[in-house]
Ligand code: NAD
């Protein structure tokens, strides 16, 4: 039987690339989406055309009831979970901290931090050998911003990814004895639609000259690192981070 993976925010960008690569590597993939079922359906259709197995599943990861329901649906439709990619994330428009209101901070923390915590909790409840599960692995998609801080534009986003990294470290130690590995990937500046939501569609090209490798990254380069962390070669790797950030 295929291993089962859930990718949050899997309908576009990095999440869609991870979902497609995972399907090519034999996973049955839950493609989570928040609002755009058509985009998630298109990812599922592409996977099915290549002979893979995938299912689009709606849930806003910041909402506990929706997360719990999503994991139940996944159990019923695809079987026991082996792998979780906490990929869903948001970036709001660029501004300094002194202009940020509490609503914005709550939105960013709700998706980037609370969402990852809730999905990790549901995954651990299923995977833990302590609960009769078979073990598994979790990859949290963080950001180079967690190291760099994103001053003058997104200190809220950077801080949310710092919190996600600390979850990766703490949870990895908590659940290692129960057969679960937890790692993080920190993308740098990657060509996706996220930069448009951050108010700067041309951001990747603007930053090229300060990226040591002098280019933005592709979603496939991030997906490759994520999938390595699920591979047998990474069997002794937990609580670690891969920076996919062009040397930044
Ligand atoms: P994207 O905006 O293209 O995709 C993010 C996906 O997450 C979207 O499909 C969106 O609908 C979904 N999402 C957002 N909030 C959600 C919620 N509450 N519930 C469920 N789904 C939700 O962005 P991307 O560039 O593909 O980013 C993917 C991840 O990579 C994010 O965590 C992001 O922070 C991280 N990242 C991206 C970059 C980059 O340069 N693109 C750099 C560093 C880190």
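Tell me which residues, restricted to the stretch 56-82, are under 17 Å from residue 134 (Cα atoms) and within 19 Å of the chain's Cα centre (by Cα).
71, 74, 81, 82 - these are the residues of the stretch 56-82 that are under 17 Å from residue 134 (Cα atoms) and within 19 Å of the chain's Cα centre (by Cα).
If you scan the stretch 208-248, which residues turn out to be within 16 Å of the ligand (Cβ to nearest atom), without any contact (Cβ under 8 Å) to a residue 40 or more places away in the chain and part of a helix (DSSP H, G or I)?
208, 210, 221
For residue 204, only one of the following conditions fails: (1) at pLDDT 95 or above; (2) within 11 Å of the ligand (Cβ to nearest atom). What is its number?
Residue 204 satisfies all of (1) at pLDDT 95 or above; (2) within 11 Å of the ligand (Cβ to nearest atom) except (1).
Kindly indicate which of 167, 148 is modelled with pLDDT of 95 or more and either buried (at least 18 other Cβ atoms within 10 Å of the Cβ) or under 28 Å from residue 235 (Cα atoms) (or both).
167
Residues in the stretch 1-37 that are assigned to a loop (DSSP other than H, G, I, E, B), in contact with a strand residue (DSSP E or B) (Cβ under 6 Å, 6 or more places away or on another chain) and crowded, with 18+ Cβ neighbours inside 10 Å: how many? Write out each step before concluding.
Residues of the stretch 1-37 that are assigned to a loop (DSSP other than H, G, I, E, B), as a first pass: 1-3, 8-12, 25-27, 34-36.
From the residues that got through so far, the ones that are in contact with a strand residue (DSSP E or B) (Cβ under 6 Å, 6 or more places away or on another chain) too are 2, 8, 10-11, 27.
Applying the additional criterion that residues be crowded, with 18+ Cβ neighbours inside 10 Å yields 8, 10-11, 27.
So the answer is 4.
Just to check your reading of the model, which residue among 4, 68, 18, 43 is within 12 Å of residue 119 (Cβ to Cβ) and at pLDDT 95 or above? It would help to see each step written out before you state the result.
On the way: 4 fails: within 12 Å of residue 119 (Cβ to Cβ); 18 fails: within 12 Å of residue 119 (Cβ to Cβ); 43 fails: within 12 Å of residue 119 (Cβ to Cβ).
Matching residue, one of 4, 68, 18, 43: 68.
Restricting attention to the stretch 175-182, does a residue exist that is in a helix (DSSP H, G or I) and within 14 Å of the ligand (Cβ to nearest atom)?
Step one: of the stretch 175-182, the residues in a helix (DSSP H, G or I) are 175-178.
Right, trim to within 14 Å of the ligand (Cβ to nearest atom) and you get none.
Within the stretch 175-182 (the criterion being in a helix (DSSP H, G or I) and within 14 Å of the ligand (Cβ to nearest atom)), the answer is no, since none of the residues qualifies.
Checking residue 98 against (1) exposed (fewer than 15 other Cβ atoms within 10 Å of the Cβ); (2) under 26 Å from residue 17 (Cβ atoms), which single condition isn't satisfied?
(2)
What pairs can you find where one residue is in the stretch 21-35 and under 7 Å from residue 10 (Cβ atoms), the other is away from the ligand (no atom under 14 Å from the Cβ) and at pLDDT 95 or above, and their Cβ atoms are less than 6 Å apart, with a gap of 6+ or different chains?
31/54
Give me the pairs, please: first residue somewhere in the stretch 182-205 and without any contact (Cβ under 8 Å) to a residue 12 or more places away in the chain, second residue anywhere and more than 6 Å from the ligand (Cβ to nearest atom) and outside any loop (DSSP other than H, G, I, E, B), beta-carbon distance under 8 Å, and either six or more positions apart or on two chains.
201/195; 202/195
Among the candidates 56, 40, which residue alone is surrounded by 17 or more Cβ atoms within 10 Å (Cβ to Cβ), in a helix (DSSP H, G or I) and touching a strand residue (DSSP E or B) at 6+ places or on another chain (Cβ under 8 Å)?
40
The values are calculated or read from the model by the stated rules, or taken from the named source; none is laboratory data. Small disclaimer: the values here were computed from a predicted structure and weren't measured. Please note: Cβ atoms are built from the backbone with ideal geometry, for glycine as well, and neighbour counts cover all protein chains shown.
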